[in-house]
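Readers should treat all values here as calculations from the given coordinates under stated rules, not as data from a laboratory. In this text, all values refer to a predicted model and were calculated from it rather than measured experimentally. Don't worry about glycine lacking a Cβ; one is built from the backbone with ideal geometry, like all the others, and counts go over all protein chains shown.
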Amino acid sequence: MDNSQSPRAGQLERPLEQRLTYRLARLHVKLNAQATRVLRQHGGLTLVQWRVLVMLNAFTETTVGQVSSMTRFDKALISRTVKSLIRAGFVKARSDDSDQRQQLLSMTASGARVFGEAAPHMYARQNALLESLDATQREVMFDALDRLEVVADRTDAF
């Protein structure tokens, strides 16, 4: 028997398929790939561009720092993405009257159009994902995600 693919005894506390971080990472990759396909077909946006536009749609006007904080994406990545959206004419920036160092971002009419092209497909995808679970399963899942985020935010846990 070839044991080259078998874990050594004691190496894995539990099977890989039962490791939370492995399963979440695998699901994350699959969901991102799915979203990327949908966005490419309906609007030609990248996933990060979509997430910035979602924030601008929800909050009308916001900053790079706020988008970064809400999405938990790297601020430099958000900044580069915002620049690409400005070049594409989907986002505009203006100086914040209360803090000249900050720029307030908002969606342009072109940005609203491309967002509107992608949104029904992305929301249908979101609904299909949620509808794959019954109401109790959704409640348990969101409770579990909330609890996992609390543990993930702990810096002294390990």
Can you pull the three principal axis extents for the Cα set of the chain, in Å, largest first?
-> 65, 38, 37
Around A118, with a cut-off of 15 angstrom between Cβ atoms, what is the net charge of the other residues, counting Lys and Arg +1 and Asp and Glu -1?
-> +4
Net charge near V140: determine it from the other residues with C-beta under 13 Å of the C-beta of V140, scoring Lys and Arg +1 and Asp and Glu -1.
-> -2
Residue by residue through the range 94-110, the couplings from Karplus 6.51 cos²θ - 1.76 cosθ + 1.60 with θ = phi - 60°, in Hz, x for Gly and Pro, are 9, 5, 6, 4, 8, 8, 4, 6, 8, 10, 8, 9, 8, 7, 8, 4, 5
Order by neighbour count: L53, L45, fewest other Cβ atoms within 10 Å first, most last.
-> L53, L45
